[in-house]
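The values are calculated or read from the model by the stated rules, or taken from the named source; none is laboratory data. Since the model is a prediction, treat every value here as computed from it, not as a measurement. Every residue, glycine among them, receives a Cβ derived from its backbone with ideal geometry; neighbour counts consider all protein chains shown.
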Amino acid sequence: MAVLKQIDPTERPAGEAAPAMPRGGGAPRREEGRLPRIDAHGGETLAKGLGWFSIGLGVAQLVAPARLCRAIGIEDDGEATTLMRLVGVREVVAGVGLLASNNPAPWMWARVAGDAMDLSLLGVAMTDDDAQRGRVGAAMGVVGAITALDVVTATALGEGAAGRGASMHVTKAVTVRRPVEEVYGFWHDFENLPRFMTHLESVSADGERSHWVAKAPVGTVEWDAEVVEDRPNELIAWRSLPGARVENAGRVTFRPAPADQGTEVRVEMDANVPAGPLGAMVAKMFGEDPSVQVGDDLRRFKQVLEAGEVVRSEGTPEGARARRHLNQRPAQPLPAGE
Amino acid sequence: MKATTWQGRNKVEVEEVPDPRILNGRDAVVRVTSTAICGSDLHLYDGYIPTMKKGDILGHEFMGEVVEVGRDAGDLKVGDRVVVPFPIACGHCTPCTRGLTACCENSNPNARLAEKMYGHALCGIFGYSHLTGGYAGGQAEYVRVPFADVGPVRIEAGVPDEKVLFLSDILPTGYMGAEMCDIQRGDVVAVWGAGPVGQFAAASAFMLGAERVIVIDRFPYRLAMAAEHSGAETLNYEQVDVPDALKEMTGGRGPDKCIDAVGMEAHHSSTAMYAYDRVKQAARLETERPFALREAIQSCRSGGIVSVIGVYGGFVDKFPMGAVLNRGLTIRAGQCHVHRYMAPLLERIYAGDIDPTFVITHRMRLSDAPTSYEIFKHKQDDCVKCVLTP
């Protein structure tokens with residue numbers, strides 16, 4: 001087995017550009033084996049705030065239309081209060097839509113349309129003799145500012161949705177009743193990983209570099225990775241090389257467990273899952289919750305090292321597998337040939 | 001092969017299913033010569049245990065002859081006559097090495113299913129829902145036995161099946177119930193439940209040095225069996241108020257140790273109490289009817305031990321935690337770690353200290369399983385334990 005030298009994760013071979021990181025907010029954190037998180041939530045947070053604002057304003061408009069008319073400098077006759085109430089209904093509907101909808105972008109644009117309507121109504125009010133022009137002007141200024149905020153948020157939401165991937169971060173731990181050297185050694189030989197990581201078809205290692213082949217709903221997804229840090233019996237960290245369609249990195253730490261209980265193994269895995277069909281495929285491979293997949297992997301890892309085999313039942317003949325949990329075979333022997 | 005399969009609430013059918021075969025190196029296949037229906041099988045029959053699928057083969061009390069071995073099945077050989085313990089244990093995880101085989105961390109491929117509900121994985125069990133792995137059970141002609149180098153215990157020739165069959169579950173379970181009581185000289189032990197497990201718990205309590213054992217149930221024939229075969233005193237809870245009677249029988253002290261060998265489908269003579277829990281259980285708002293447990297806690301002498309071996313599956317309403325805390329009670333519970341009791345109890349059987357056959361009241365063929373379940377469930381014909389032969 002090749003001895004792996006310590007690699008500074010921030011050091012780049014001469015002439016190689018830094019790998020392009022997906023767009024998103026938040027400063028990248030560069031621990032060994034970690035990827036920067038994409039913050040796709042800035043626009044969504046704003047949208048939620050504006051949603052509550054809409055509801056609050058709408059309720060006020062419904063409940064005290066006359067007072068609000070006077071506040072913005074319009075005469076509070078029957079026509080005006082009715083109009084104010086209708087606007088209130090519109091605000092509440094927009095607010096509820098923003099808060100409740102999975103896709104707030106169209107509701108945001110609806111708000112912008114509402115703002116435009118408000119601005120034109122106020123513009124008309126300016127021409128009215130009974131209006132207090134100073135107040136109407138101030139109201140227009142406020143609405144104008146809110147309109148700008150709405151437009152910015154709507155645009156951000158739109159961009160976010162188009163480029164939205166997600167960062168996947170999983171942490172799981174398991175204790176294996178074998179000595180640290182044995183557990184570290186088993187993981188260190190990456191070619192062992194498919195024995196318990198069922199989403200992997202094969203891993204071939206060549207010194208610090210390795211080639212990974214993962215099963216996909218159709219065909220395979222392949223990438224190259226390198227070992228970023230290797231502290232014998234303590235830590236292995238690896239990272240996909242530039243060009244991987246799904247950037248991923250992982251680190252596993254090993255620590256003696258108390259008394260005679262063996263080794264504590266802690267796995268952290270990160271992946272930047274792209275939007276679009278590739279992301280959907282990765283989601284399928286890992287099931288709804290990637291930590292469940294990794295949890296099953298570690299369960300099998302423990303079984304292989306402690307019990308010598310992956311345990312199989314008639315209900316779950318492939319051994320522990322997240323997808324089987326909801327789709328058990330009946331607990332009877334498999335037919336011949338299965 | 002023929003096997004008893006679960007087909008829904010109150011319905012089992014003996015069906016033709018595929019024969020089992022070796023799937024893993026540590027497997028063996030056993031041809032079943034005797035098998036039995038357990039009281040906990042009735043919880044499956046009554047539909048209280050979730051994750052059952054139509055077609056699941058039931059049964060976790062079985063013994064027979066090894067007909068096939070995997071390459072890593074230890075020194076087990078084809079032709080060996082074995083009794084198989086009901087928990088499936090790998091033998092190498094920390095709980096297994098500490099003798100807690102019913103806490104095995106590796107034997108349940110559906111560990112994740114149980115984890116959400118119970119906090120951690122449950123160990124694998126033969127024929128007891130997919131929560132415990134979805135293993136095919138032993139009320140069949142053949143069974144695949146995983147980790148066969150760890151589980152099955154060899155039986156010498158010349159000993160009838162009936163004498164040793166109950167090493168698979170109920171005898172060690174009753175024994176562990178009594179052992180958990182940490183019985184001291186002079187102890188009075190009260191046992192709720194005079195079913196087979198309660199019978200063995202009472203017998204074991206005497207074996208472990210109890211001064212007196214009082215068995216509580218509502219079926220006179222079962223109480224009579226406990227009195228005759230173990231020398232226990234008896235109480236019928238439909239005729240007396242049990243906590244009062246226990247105090248009276250023990251000079252006002254109450255029993256020193258209490259064993260709950262009833263579990264989640266208890267009955268109760270107080271109509272109101274029963275109605276409350278029964279209705280909630282029927283509406284699936286409560287998963288258990290914990291009368292025996294509550295009564296055991298109420299009755300137990302302060303500073304005593306309540307040992308729970310009756311099966312529970314979920315959550316219990318109105319648990320008398322105040323009594324537990326304020327009177328310093330210890331509650332010990334568990335599925336039986338059968339593996340560690342089999343050899344010692346087998347020696348006891350060989351030595352004639354106990355003859356477990358006294359609980360057997362019915363002997364039927366495997367094909368009569370549906371009838372057996374009904375007789376056993378409704379305690380017809382003075383049924384205590386039913387043994388089936390394929």
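Overview of results
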{"quantity": "Which numbered condition residue B:69 fails, given (1) farther than 17 Å from residue B:150 by Cβ; (2) away from chain A (no Cβ under 14 Å); (3) touching a Leu at 6+ places or on another chain (Cβ under 8 Å); (4) of a type in the set (A, V, I, L, M)", "calculated": "(1)"}
{"quantity": "The stretch B:111-131 - residue that is over 16 Å from residue B:335 (Cβ atoms) and within 8 Å of chain A (Cβ to nearest Cβ) and, of those, surrounded by the fewest Cβ atoms within 10 Å (Cβ to Cβ)", "calculated": "B:112"}
{"quantity": "Near pairs, Cβ below 7 angstrom, 6+ apart or cross-chain, from the stretch B:255-266 (assigned by TED's automatic domain parsing to the domain that holds residue B:182) to any residue that is basic (Lys, Arg) and modelled with pLDDT of 95 or more", "calculated": "B:255/B:301; B:256/B:301"}
{"quantity": "Subset of the stretch B:66-91 [of a type outside the set (A, V, I, L, M), buried (at least 21 other Cβ atoms within 10 Å of the Cβ) and either part of a loop (DSSP other than H, G, I, E, B) or not assigned by TED's automatic domain parsing to the domain that holds residue B:121 (or both)]", "calculated": "B:70, B:85, B:86, B:90"}
{"quantity": "All positions within the stretch B:180-218 that are over 19 Å from the mean Cα position of the chain (by Cα) and part of a loop (DSSP other than H, G, I, E, B)", "calculated": "B:182, B:183, B:184, B:185, B:186, B:187, B:208, B:209, B:210, B:211, B:218"}
{"quantity": "Count - residues of the stretch B:35-65 that are within 14 Å of chain A (Cβ to nearest Cβ) and either buried (at least 22 other Cβ atoms within 10 Å of the Cβ) or under 25 Å from residue B:166 (Cβ atoms) (or both)", "calculated": "9"}
{"quantity": "Matching residues, the stretch B:150-171, being of a type in the set (Asp, Glu) and either closer than 24 Å to residue B:334 by Cα or surrounded by 20 or more Cβ atoms within 10 Å (Cβ to Cβ) (or both)", "calculated": "B:169"}
{"quantity": "Filter result for residue B:91 (within 14 Å of another protein chain (Cβ to nearest Cβ), on the phi > 0 side of the Ramachandran plot and either touching a residue at least 24 places away in the same chain (Cβ under 8 Å) or among the basic types (Lys, Arg) (or both))", "calculated": "yes"}
{"quantity": "Selected residue (only one of B:135, B:175 is more than 9 Å from chain A (Cβ to nearest Cβ), of a type in the set (Phe, Trp, Tyr) and under 19 Å from the mean Cα position of the chain (by Cα))", "calculated": "B:175"}
{"quantity": "Qualifying residue in the stretch A:282-297 (condition: modelled with pLDDT of 80 or more and more than 11 Å from chain B (Cβ to nearest Cβ))", "calculated": "yes"}
{"quantity": "Pick from the stretch B:1-15, criterion β-branched (Val, Ile, Thr) and more than 11 Å from every other protein chain (Cβ to nearest Cβ), ranking: farthest from the chain's Cα centre (by Cα)", "calculated": "B:14"}
{"quantity": "In the stretch B:223-241, the residues that are within 23 Å of residue B:311 (Cα to Cα), surrounded by fewer than 24 Cβ atoms within 10 Å (Cβ to Cβ) and either touching a residue at least 40 places away in the same chain (Cβ under 8 Å) or among the aromatic types (Phe, Trp, Tyr) (or both)", "calculated": "B:234, B:237"}
{"quantity": "Check on residue A:324, facing chain B (nearest Cβ under 9 Å) and modelled with pLDDT under 85", "calculated": "yes"}
{"quantity": "Among (1) away from chain A (no Cβ under 13 Å); (2) touching a helix residue (DSSP H, G or I) at 6+ places or on another chain (Cβ under 7 Å); (3) more than 30 Å from residue A:306 (Cβ to Cβ), the one test that residue B:86 misses", "calculated": "(3)"}
{"quantity": "Residues (of a type in the set (A, V, I, L, M, F, W, C) and either more than 7 Å from every other protein chain (Cβ to nearest Cβ) or not in a helix (DSSP H, G or I) (or both)) located in the stretch A:298-313", "calculated": "A:298, A:301, A:304, A:305, A:310, A:311"}
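Residue-by-condition table, conditions (1) among the polar types (S, T, N, Q); (2) assigned by TED's automatic domain parsing to the domain that holds residue B:30; (3) part of a loop (DSSP other than H, G, I, E, B); (4) under 30 Å from residue B:80 (Cα atoms):
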{"residue": "B:107", "(1), (2), (3), (4)": "yes, yes, yes, yes"}
{"residue": "B:114", "(1), (2), (3), (4)": "no, yes, no, no"}
{"residue": "B:121", "(1), (2), (3), (4)": "no, yes, yes, no"}
{"residue": "B:138", "(1), (2), (3), (4)": "no, yes, yes, yes"}
{"residue": "B:150", "(1), (2), (3), (4)": "no, yes, yes, yes"}
{"residue": "B:156", "(1), (2), (3), (4)": "no, yes, yes, yes"}
{"residue": "B:159", "(1), (2), (3), (4)": "no, yes, yes, yes"}
{"residue": "B:164", "(1), (2), (3), (4)": "no, yes, no, yes"}
{"residue": "B:178", "(1), (2), (3), (4)": "no, no, no, no"}
